[in-house]
1. Between 0 and 90 degrees, rounded to the nearest ten: what's the tilt of helix B:171-188 against the longest Cα principal axis of chain B?
2. With the Cα gyration tensor of the range A:120-240 in hand, convert its eigenvalues to equivalent ellipsoid semi-axes via √(5λ) and list them largest first in whole Å.
3. Quick check: from the Cα gyration tensor, does the range B:185-333 come out rounded (a/c under 1.5), prolate or oblate?
4. What Kirkwood Rh does the protein assembly as shown have if only Cα atoms enter the pairwise 1/r average? Answer in Å.
5. Please give, to one decimal in nm, the separation of the simple spin-label points placed at A:LEU188 and B:ILE5, each 7 Å out from Cα toward the Cβ.
6. Dipole magnitude of the protein assembly as shown about its Cα centre, charges +1 at Lys/Arg Cβ and -1 at Asp/Glu Cβ only, in debye to the nearest 20?
7. Taking chain B as a Gaussian network, Cα atoms linked when under 10 Å apart, which of B:HIS137, B:HIS342, B:HIS350 shows the biggest mean-square fluctuation?
8. Nothing charged except the Cβ atoms of Lys and Arg (+1) and of Asp and Glu (-1): what's the magnitude of the dipole of the range A:1-127 about its Cα centre? Round to the nearest 20 debye.
Amino acid sequence: MKKQAGVWYSLPLFAWVTLFFLIPIGMVLLYSVLSRGNFGGVKAELSLDGFAALGNPAFLKTVGITLLIALVSTVLTILVALPASYYIARTKNNLTLLVLVIIPFWVNFLIRVFAWMAVLGREGFVNDLLRWTGLTQEPIQFLFNIGAVIIVHVYTYLPFAILPLYATIEKFDFGLLEAARDLGADHLTSLKKILLPNIRGGIITAILFTFIPILGSYAISDLVGGKDGYMLGNSIAYYIGKANNWPRASAIAVVLTLITSLGLMVYFLLNRSQQKTLVEEEVK
Amino acid sequence: MGKLIGSEIRIEGVSKSFADTQVLKDVSLTIKKGEFFSLLGPSGCGKTTLLRILAGFEQPEQGIVTLDGNDILPLAANERPVNTVFQNYALFPHLSVFENIAFPLRLKKVAAKEIKKRVFDYLDLVQLRGQENKKPHQMSGGQRQRVSIARALISEPKVLLLDEPLSALDAKLRHQLLMDLDLIHDQVGITFVYVTHDQSEALSVSDRVAVMSQGKVLQIGSPIEIYESPADSFVASFIGETNFMEGKVNAVDGRMITIESDKLGPIKVTVDSGHRQGPFVVGDKVRHTIRPEKIRIQTTKPNESADNVINGIVFEVIYSGFQSRIYVDLDNGFRFKIFKQHVQYLEVGHEIKWNEKVYLWWNPDDGYVVEKLV
């Protein structure tokens, strides 16, 4: 058999993945089945206490809210990012627009979240505007609820969705839309039947780049979520930082990882079956 | 699959500009029902823009475009009974060959059974039966273009537009597909409008050809008319190759005129009574041509009765199997281009070589006065 060339070239990657991914994940798994140390940390005694409380309604509610926030934010992000990337790909000065998409990264993430607090707060810009136009008398509480968490997530992850979408749309042959119209499709049908299936890779990437980070998000819900927008990330932080319950925090992290992996699997399965139905349609 | 009915296309006074450049200048032409009509011209002559106006992708600033008398300019591309075969095929990469061809029918919500039947009919037409489950990227260029032709024909349009459909294919495949296109045209019977910059493509399959340059139609006619009696010097040089000469008419004797010039002496040319540039009178300054394949070349002096005898020295011989391209220089620097068909091996007893003294002559019937010079 031919000797496979370049096996050793993957050594740095292998070391990196082992050191920073496999070992930490292993530790999280291990901690989740150990018992709680008195002042943080863990004791070397097996225990399932970490998982015990995960069945209670309060925790399930947090799981539900986290999923809801991640789902709604992802859908909204994609809905905003799709037309935006389409426009950027089709316009001439797309470099300028791409730079504008990236510019927010130049400002520290936390500062940008604080900026949203200034915009949405009781004395914030939006409330000032509403009162000035006379639409409202009293300030409206925009912050510290699920809505605020979703808005800031959409804002934060928009560039992560726009960039992969732009990259695929930019490579799309727009002559195909012309061909579709020539063959009798109206504008919307040609976008739906020709553009969308051909940029599916970009859409999947954009969904993964938004949904997964939002699922584990912590800072945004901490700052603008209040008690309604409390997510799994906050829960983990609480058990590590305040409650000194590392097994519990690890157990939640394990649950989160499971949800993410399950979500990915469902997505890929759906994706595959969708391709299958296309094939079946052909046969009919 | 029965024979379909094509449309008559009338284009009247169509003009179109992009930014500062006017790409179509007052173009008028009529394409007959069921005709195989070519728009021929160099790149940038406006032929593709004219095609895109017919397809509905561009709107002219001025002019009228009708199909069988009905104005089609207000109709969007998807509402016109006109389909296009694109240069780069424009097949949908995510769909199989079957689904690509079925696409127009699916849009019309045709019943699945009917779709299947018709797709297979058209697969037969383009000789791709058995390939229906392939994806476009699994096929060769020629096969892809066949899929594209089937897809454009399946909704039974009145007009098929072909935008340089063969330019991405190699020469052999191009000839094959060209013949197939001709057959398909005979079978479906609708009007074909074929855009190309390749004169041999246009001449070989078209019923009529419109030669375009710089946004204008220079000549419309059958391939023979365009080749044998070109409207002007541009058409004469763009279609095939030719030798241009200039001189002054110094005798008119019925259909025969004699054109005198310092470099070539008297040259006799026959002109028809209905000649585009005629009638000719003594003193007219004219540009006339002789096609390279119509010049005879020999190493011995032609007999006395031959007209238009010129002698010179062979400057270059380019051999290409079925013919040789021979350049012959006169003493005064005038150069003739001759295509010698190799109808017989070593016709003059030996190969014509560089620096050899040769005689050229041609029949006055083969000369053509292409332009009157002012």
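1. 60 degrees
2. Numbers: eigenvalues 296, 105, 20 Å².
Semi-axes, largest first: 38, 23, 10 Å.
3. Values: a/c = 2.27, a/b = 1.44, b/c = 1.58.
Taking the square roots of the gyration eigenvalues as a ≥ b ≥ c, the range B:185-333 is oblate.
4. Values: mean 1/r = 0.0313 Å⁻¹.
Averaging 1/r across every pair of different Cα atoms and inverting gives 32.0 Å.
5. 3.4 nm
6. 2440 debye
7. Of B:HIS137, B:HIS342, B:HIS350, the most mobile in the Gaussian network model is B:HIS350.
8. Once rounded to the nearest 20, the dipole reads 440 debye.
Each value in this text was obtained by applying a stated rule to the coordinates, not by laboratory testing. Remember, predicted model here, so these are calculated numbers, not experimental data. Glycine gets a Cβ as well: all are built from the backbone with ideal geometry, and neighbour counts include every protein chain shown.
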